[in-house]
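Participant: Pasting a structure here, questions to come.
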Amino acid sequence: MGAVADAVLETGGEAIGVIPQMLLDKEVGHSGLTRLHVVQTMSERKWLMGELSDAFVALPGGIGTMDELFEAWTWTQLEIHRKPCALLNFDRYYDPLIAFLDRAVGEGFLRPRHRAALIIEHEIQRLFERLAAAGEIA
């Protein structure tokens, strides 16, 4: 996240962070952000990130990345928001997850329209194009 924030700031963009106090106490928060919101819990963090975001993009990551992606994507399914969710499948990192999602559709655990709502791209430029075209999910 720090590398993404640094790249955004270097190109003149705004980088807004949301961190729970407990993590700020354990780690050093990014000192160069445009804004840093400190909240009490991880749930508050995810909610505020959702409020502040226009879209949700998961880069290759671990369990925290999956938690945040799946919550944002679930919010789309439940119509809590209408913001696009996406995976950047860099170096085919998410291929096993994509296979799982496709199996979940085949087994009847995930509706095809909800699966289709997750944008998946290998190239960042194409991902940005699809996010721009998606706007709010209909």
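Participant: Specify which of the listed residues (D54, D67) is part of a loop (DSSP other than H, G, I, E, B) and either within 18 Å of V18 (Cα to Cα) or in the same structural domain as I19 (by TED's automatic domain parsing) (or both).
Facilitator: After applying the criteria, what remains is D54.
Participant: Going by the structure shown, is T41 surrounded by 12 or more Cβ atoms within 10 Å (Cβ to Cβ), at pLDDT 90 or above, out of contact with any Cys (no Cβ under 9 Å at 6 or more places or on another chain) and of a type in the set (S, T, N, Q)? Steps first, answer last, please.
Facilitator: Details: surrounded by 12 or more Cβ atoms within 10 Å (Cβ to Cβ): no; at pLDDT 90 or above: yes; out of contact with any Cys (no Cβ under 9 Å at 6 or more places or on another chain): yes; of a type in the set (S, T, N, Q): yes.
Spelling it out, it is not the case that T41 is surrounded by 12 or more Cβ atoms within 10 Å (Cβ to Cβ), at pLDDT 90 or above, out of contact with any Cys (no Cβ under 9 Å at 6 or more places or on another chain) and of a type in the set (S, T, N, Q).
Participant: Turning to a different aspect of this structure: For V39, state whether it is among the aliphatic types (A, V, I, L, M) and touching a residue at least 12 places away in the same chain (Cβ under 8 Å).
Facilitator: Yes.
Participant: Looking only at residues in segment 86-125 that are of a type in the set (D, E, K, R) and not in a helix (DSSP H, G or I), which one is surrounded by the fewest Cβ atoms within 10 Å (Cβ to Cβ)?
Facilitator: E107
Participant: Hey, does segment 97-112 have a residue that's out of contact with any strand residue (DSSP E or B) (no Cβ under 6 Å at 6 or more places or on another chain), more than 30 Å from V39 (Cβ to Cβ) and of a type in the set (K, R)?
Facilitator: Yes.
Participant: Sticking with this structure for a sec: Does T74 meet the test of being surrounded by 13 or more Cβ atoms within 10 Å (Cβ to Cβ), under 28 Å from A116 (Cβ atoms) and not assigned by TED's automatic domain parsing to the domain that holds G2?
Facilitator: Values: surrounded by 13 or more Cβ atoms within 10 Å (Cβ to Cβ): no; under 28 Å from A116 (Cβ atoms): yes; not assigned by TED's automatic domain parsing to the domain that holds G2: yes.
No; evaluated as a whole, the condition is false for this residue.
Participant: Another one. Got a sec? Which of G50, G17, G12 is exposed (fewer than 13 other Cβ atoms within 10 Å of the Cβ) and either small (G, A, S) or touching a Lys or Arg at 6+ places or on another chain (Cβ under 7 Å) (or both)?
Facilitator: Step by step, each of G50, G17, G12 is checked, and only G12 is exposed (fewer than 13 other Cβ atoms within 10 Å of the Cβ) and either small (G, A, S) or touching a Lys or Arg at 6+ places or on another chain (Cβ under 7 Å) (or both).
Participant: Another question, then. So S31 passes all but one of these: (1) part of a helix (DSSP H, G or I); (2) among the hydroxyl-bearing types (S, T, Y); (3) over 24 Å from A132 (Cα atoms). Which condition number does it fail?
Facilitator: Every condition holds for S31 apart from (1).
Participant: Of the residues L23, L48, which is without any contact (Cβ under 8 Å) to a residue 40 or more places away in the chain, out of contact with any strand residue (DSSP E or B) (no Cβ under 9 Å at 6 or more places or on another chain) and assigned to a helix (DSSP H, G or I)?
Facilitator: Numbers: L48 fails: out of contact with any strand residue (DSSP E or B) (no Cβ under 9 Å at 6 or more places or on another chain).
None of the other options fit; the residue is L23.
The values are calculated or read from the model by the stated rules, or taken from the named source; none is laboratory data. For clarity, every value in this text was computed on a predicted model and none was experimentally measured. Virtual Cβ from ideal backbone geometry, glycine too; neighbours counted across all protein chains shown.
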